[in-house]
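Everything on this sheet refers to the single structure shown next.
The values are calculated or read from the model by the stated rules, or taken from the named source; none is laboratory data. Keep in mind it's a predicted model, so treat the numbers as computed, not measured. In this analysis, Cβ positions are derived from the backbone assuming ideal geometry, glycine residues included, and neighbour counts consider all displayed protein chains. Side chains included, ligands, DNA and RNA excluded: accessible areas come from the protein's heavy atoms. Shrake-Rupley method; radii C 1.70, N 1.55, O 1.52, S 1.80 Å.
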Amino acid sequence: MAQFFSQFSIAFMSLLLLLAILSSVPLSSSTAFIVLHGISMMCADAGSMYYTMTLSSMTKVKGSCVEVGNGLFDSWMMPMEKQVADACGKIKGMAELKDGYHMVSLSQGNMVGRGVIELCDGPPVKNFISVGGPNAGHSSTIPCGPFPWCGVVGQFYGMGVYTPYVQDHLAPSGYIKLPNDIPAYLKECRFLPKINNEVEDNESPLRKKRFSSLSQLVLILFMADTIIMPQESSHFGYYRNGDFTKPVPMQETDVYQKDMFGLQTLDKAKKIKFFKVPGAHLVITIPEIHQNILPYMT
């Protein structure tokens, strides 16, 4: 999130970008890419710029950060379905992506990214690079921070995350998955059950086909992450239904074992890469980007 990058001064950012240029290996045939920012973020903040500019320097391709709505405010208050529709429209209007592109998603941007992959009829996503995402869901409320609307966020949480009004007005409510309230999650949560195909409809086969068509799924977990709950969600691990005691790995979850949206298909095809980095949420070094992200940007 943005607060973790407030420590970067302009001078330090310039130094990091210089190191990226000096340490990178030029790639002769890199693919276009986008970055999807997370909650409490926007394309102009230090965190989003760090990822976008560093990867652009390393790949020698000018990547683009896709602003969701107006960025900061809408990252909280625009429901996930509308965030996906907004991102989809912008991506379809980017001519440089017409032949396919890589997607680098940060934090909540992973929910937007998955929605784009499964629900958007735009150009194909080749590699989906998931950085610190709540991919299997989030098991608690998400702290808001110092923004003027945080009091309203607290009121929304108090109303209950699965109530219709909160689902319409609070983005994280679309992927909060309470293991001790699965019936309400399946019945009232409007986003994650849909893209997980936990609630099936006529479009379920198409969503699975689109997600299964990824060339690579790269999952990066931050070992000092105190935002994503549980941390294992970044690797699609989660709690068993009804059990808050200990998360299980991806391969032991229902969505994997039933191959609801294509995780098992990708895994058996050896198209999923798992990485762990030691930092806090989204805090990643130049060498870690070089090792864990750059190889999947060609």
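For segment 38-53, a residue qualifies if it is open to solvent by 10 Å² or more (accessible area, probe 1.4 Å) and under 10 Å from Ser105 (Cα atoms), but none of them does. Being among the small types (Gly, Ala, Ser), out of contact with any strand residue (DSSP E or B) (no Cβ under 6 Å at 6 or more places or on another chain) and open to solvent by less than 20 Å² (accessible area, probe 1.4 Å) is a property that holds for Ala171. Residues satisfying the criterion are absent from segment 71-79 (criterion: open to solvent by 30 Å² or more (accessible area, probe 1.4 Å) and more than 19 Å from Pro172 (Cβ to Cβ)). Scanning segment 46-72 for residues that are in contact (Cβ under 8 Å) with a residue 60 or more places away in the chain and of a type in the set (Phe, Trp, Tyr) returns a single hit, Tyr51. Within segment 121-134, one or more residues are surrounded by fewer than 21 Cβ atoms within 10 Å (Cβ to Cβ) and acidic (Asp, Glu).
Just checking, does segment 123-135 include any residue being over 24 Å from Glu288 (Cβ atoms) and out of contact with any Ser or Thr (no Cβ under 9 Å at 6 or more places or on another chain)? Scanning segment 123-135 turns up at least one residue that is over 24 Å from Glu288 (Cβ atoms) and out of contact with any Ser or Thr (no Cβ under 9 Å at 6 or more places or on another chain). For segment 162-178, a tally of residues being free of Cβ contacts under 8 Å to residues at least 24 places away in the same chain and β-branched (Val, Ile, Thr) returns 1. Within segment 250-290, if we keep just the residues that are in a loop (DSSP other than H, G, I, E, B) and polar (S, T, N, Q), the residue that is surrounded by the most Cβ atoms within 10 Å (Cβ to Cβ) turns out to be Thr253.
Each residue in segment 183-241 was checked for being on the phi > 0 side of the Ramachandran plot and surrounded by fewer than 20 Cβ atoms within 10 Å (Cβ to Cβ), and 0 pass. Every condition in (1) over 21 Å from Phe128 (Cβ atoms); (2) without any contact (Cβ under 8 Å) to a residue 40 or more places away in the chain holds for Asn241 except the one numbered (2).
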